[in-house]
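The values are calculated or read from the model by the stated rules, or taken from the named source; none is laboratory data. Every value quoted in this text rests on a predicted model; they were computed, and no experiment measured them. Neighbour counts run over all protein chains shown; Cβ positions are idealised from the backbone, glycine included. These area figures cover heavy atoms from the full protein model, side chains too; ligands, DNA and RNA do not enter into them. Shrake-Rupley method; radii C 1.70, N 1.55, O 1.52, S 1.80 Å.
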Amino acid sequence: MTINPDLQGRSYPAAEMYEVGREKIREFARAVKATHPAHFDVDAAAALGHSDLVAPPTFAIIVAQRADAQLIEDPDSGIDFSRVVHADQRFTHHRPIVAGDRLVAELHVDGVRAMGGGAMITTRSEIFALAAGADAVAAGDDSREAVATATSSILVRGEGQ
(Lines give C-alpha, C1' and ligand atoms only; values in the text may rest on other atoms or scores of the structure.)
Protein backbone atom coordinates (compact mmCIF):
# COMPACT_ATOMS: atom_id res chain seq x y z
CA MET A 1 0.00 0.00 0.00
CA THR A 2 1.29 3.49 -0.78
CA ILE A 3 1.05 6.53 1.46
CA ASN A 4 -2.15 8.49 0.97
CA PRO A 5 -1.14 11.97 -0.32
CA ASP A 6 -4.49 13.32 0.88
CA LEU A 7 -3.25 12.99 4.48
CA GLN A 8 -1.73 16.48 4.17
CA GLY A 9 -4.03 18.93 5.91
CA ARG A 10 -5.80 16.24 7.92
CA SER A 11 -6.26 16.71 11.66
CA TYR A 12 -6.96 14.20 14.39
CA PRO A 13 -8.82 15.42 17.50
CA ALA A 14 -7.43 15.21 20.99
CA ALA A 15 -7.76 11.65 22.18
CA GLU A 16 -7.21 10.27 25.65
CA MET A 17 -6.06 12.53 28.44
CA TYR A 18 -2.63 11.91 29.99
CA GLU A 19 -2.23 12.81 33.65
CA VAL A 20 1.31 13.84 34.56
CA GLY A 21 2.39 12.31 37.85
CA ARG A 22 5.39 13.00 40.02
CA GLU A 23 6.74 9.47 39.68
CA LYS A 24 6.29 9.60 35.90
CA ILE A 25 8.43 12.73 35.81
CA ARG A 26 11.07 11.18 38.03
CA GLU A 27 11.19 7.98 35.95
CA PHE A 28 11.46 9.91 32.69
CA ALA A 29 14.17 12.18 34.11
CA ARG A 30 16.20 9.15 35.19
CA ALA A 31 15.74 7.51 31.77
CA VAL A 32 17.02 10.56 29.88
CA LYS A 33 19.73 11.34 32.48
CA ALA A 34 18.16 14.71 33.41
CA THR A 35 19.62 15.47 36.82
CA HIS A 36 18.15 18.87 37.76
CA PRO A 37 16.68 18.72 41.30
CA ALA A 38 13.39 20.30 40.06
CA HIS A 39 12.63 16.98 38.33
CA PHE A 40 12.87 15.07 41.62
CA ASP A 41 12.23 17.40 44.56
CA VAL A 42 9.04 19.45 45.00
CA ASP A 43 10.85 22.08 47.11
CA ALA A 44 13.51 22.54 44.42
CA ALA A 45 10.78 23.00 41.81
CA ALA A 46 8.90 25.43 44.05
CA ALA A 47 12.08 27.47 44.53
CA LEU A 48 12.04 28.02 40.76
CA GLY A 49 8.38 29.12 40.82
CA HIS A 50 6.76 25.86 39.70
CA SER A 51 3.63 24.49 41.34
CA ASP A 52 5.05 20.94 41.44
CA LEU A 53 7.82 18.84 39.90
CA VAL A 54 8.77 20.11 36.45
CA ALA A 55 9.26 17.63 33.61
CA PRO A 56 12.34 17.57 31.37
CA PRO A 57 11.59 19.32 28.04
CA THR A 58 11.46 16.08 26.06
CA PHE A 59 8.72 14.68 28.32
CA ALA A 60 6.24 16.12 25.80
CA ILE A 61 7.12 13.19 23.50
CA ILE A 62 4.94 10.90 25.63
CA VAL A 63 1.80 12.83 24.75
CA ALA A 64 2.90 13.60 21.18
CA GLN A 65 3.46 9.93 20.38
CA ARG A 66 -0.02 9.07 21.64
CA ALA A 67 -1.37 11.58 19.12
CA ASP A 68 0.91 10.20 16.37
CA ALA A 69 -0.56 6.74 16.98
CA GLN A 70 -3.88 7.95 15.58
CA LEU A 71 -2.22 8.60 12.22
CA ILE A 72 -0.21 5.37 12.23
CA GLU A 73 -3.32 3.33 13.10
CA ASP A 74 -5.54 5.07 10.53
CA PRO A 75 -6.14 2.43 7.84
CA ASP A 76 -6.63 5.23 5.29
CA SER A 77 -3.05 6.49 5.84
CA GLY A 78 -1.27 3.63 4.10
CA ILE A 79 1.47 3.66 6.74
CA ASP A 80 3.14 0.33 7.53
CA PHE A 81 4.79 1.04 10.89
CA SER A 82 7.43 -1.64 10.28
CA ARG A 83 8.72 0.61 7.46
CA VAL A 84 8.87 3.84 9.52
CA VAL A 85 12.15 5.60 10.30
CA HIS A 86 12.04 8.58 12.67
CA ALA A 87 13.70 11.50 10.90
CA ASP A 88 13.27 14.61 13.06
CA GLN A 89 11.70 15.82 16.31
CA ARG A 90 11.39 19.38 17.62
CA PHE A 91 9.60 20.95 20.56
CA THR A 92 8.38 24.49 21.14
CA HIS A 93 7.38 24.95 24.76
CA HIS A 94 4.76 27.52 25.71
CA ARG A 95 5.14 26.71 29.40
CA PRO A 96 6.76 23.92 31.46
CA ILE A 97 4.97 20.62 32.00
CA VAL A 98 4.44 20.01 35.72
CA ALA A 99 3.08 17.18 37.84
CA GLY A 100 -0.69 17.42 38.02
CA ASP A 101 -1.10 18.56 34.41
CA ARG A 102 -3.85 16.79 32.48
CA LEU A 103 -2.63 16.84 28.88
CA VAL A 104 -4.24 16.18 25.51
CA ALA A 105 -2.81 16.57 22.01
CA GLU A 106 -4.36 17.36 18.64
CA LEU A 107 -2.44 16.00 15.65
CA HIS A 108 -2.09 17.88 12.36
CA VAL A 109 -0.51 16.42 9.23
CA ASP A 110 1.44 19.36 7.83
CA GLY A 111 3.23 17.66 4.96
CA VAL A 112 3.36 14.54 2.83
CA ARG A 113 6.20 14.42 0.31
CA ALA A 114 6.85 11.47 -1.99
CA MET A 115 10.45 10.22 -1.80
CA GLY A 116 11.32 7.38 -4.13
CA GLY A 117 8.91 4.58 -3.32
CA GLY A 118 8.21 6.03 0.12
CA ALA A 119 7.20 9.31 1.71
CA MET A 120 8.27 11.88 4.29
CA ILE A 121 5.39 12.83 6.58
CA THR A 122 5.58 15.87 8.85
CA THR A 123 3.16 16.16 11.76
CA ARG A 124 2.50 18.72 14.46
CA SER A 125 1.04 17.86 17.85
CA GLU A 126 -0.50 20.78 19.71
CA ILE A 127 -0.37 19.81 23.38
CA PHE A 128 -2.78 21.42 25.84
CA ALA A 129 -3.41 21.23 29.58
CA LEU A 130 -7.06 20.81 30.51
CA ALA A 131 -8.73 22.88 33.20
CA ALA A 132 -7.79 21.51 36.61
CA GLY A 133 -10.03 19.69 39.00
CA ALA A 134 -13.14 17.55 38.89
CA ASP A 135 -15.27 20.63 39.63
CA ALA A 136 -14.13 22.28 36.40
CA VAL A 137 -14.94 19.14 34.39
CA ALA A 138 -18.31 18.68 36.13
CA ALA A 139 -19.15 22.31 35.36
CA GLY A 140 -18.39 21.70 31.70
CA ASP A 141 -15.20 23.76 31.72
CA ASP A 142 -13.17 22.28 28.89
CA SER A 143 -10.82 25.25 28.65
CA ARG A 144 -7.31 24.43 27.53
CA GLU A 145 -3.93 26.06 27.99
CA ALA A 146 -1.27 25.68 25.30
CA VAL A 147 1.70 23.78 26.74
CA ALA A 148 3.88 22.65 23.82
CA THR A 149 4.05 22.07 20.09
CA ALA A 150 5.84 18.92 18.95
CA THR A 151 6.85 18.72 15.28
CA SER A 152 7.91 15.36 13.93
CA SER A 153 9.02 13.95 10.59
CA ILE A 154 8.92 10.29 9.72
CA LEU A 155 10.18 8.56 6.63
CA VAL A 156 8.03 5.67 5.47
CA ARG A 157 10.28 3.48 3.35
CA GLY A 158 8.83 2.11 0.14
CA GLU A 159 8.87 -1.50 -0.95
CA GLY A 160 12.41 -2.79 -1.49
CA GLN A 161 14.03 0.03 0.50
Positive-end residue of F40, G100, I127, charge dipole of the chain with Cβ unit charges: F40
Under Karplus coefficients 6.51, -1.76 and 1.60, residue-wise ³J(HN,Hα) of the stretch 43-51 in Hz, glycine/proline x: 5, 5, 5, 5, 4, 8, x, 8, 6
Computed D for the stretch 1-96, Stokes-Einstein, Kirkwood radius over alpha-carbon pairs, 10 °C, 1.306 mPa s, to the nearest µm² per second, is 101 µm²/s
Counting only protein heavy atoms and rolling a 1.4 Å probe, one gets per residue an accessible area for the stretch 1-156 in Å² of 52 Å²
Would you kindly calculate the mean projected area, averaged across all directions, of the convex hull enclosing the Cα atoms of the chain, in square nanometres? 10.6 nm²
Taking Cα atoms only, helix 60-73 is inclined relative to the longest principal axis of the chain by an angle, in degrees rounded to 10, of 30 degrees
Helix 22-31 sits at what angle to the longest principal axis of the chain, using alpha carbons and giving 0 to 90 degrees rounded to 10? 60 degrees
Over the chain, what is the relative contact order in percent, taking alpha-carbon pairs closer than 8 angstrom and at least six residues apart? 29 percent
Give me the percent of the accessible area of the chain that comes from carbon and sulfur atoms, probe 1.4 Å, all protein chains in place. 53 percent
Note down the magnitude of the dipole of the chain about its Cα centre, charges +1 on Lys and Arg C-beta and -1 on Asp and Glu C-beta and zero elsewhere, to the nearest 20 debye. 580 debye
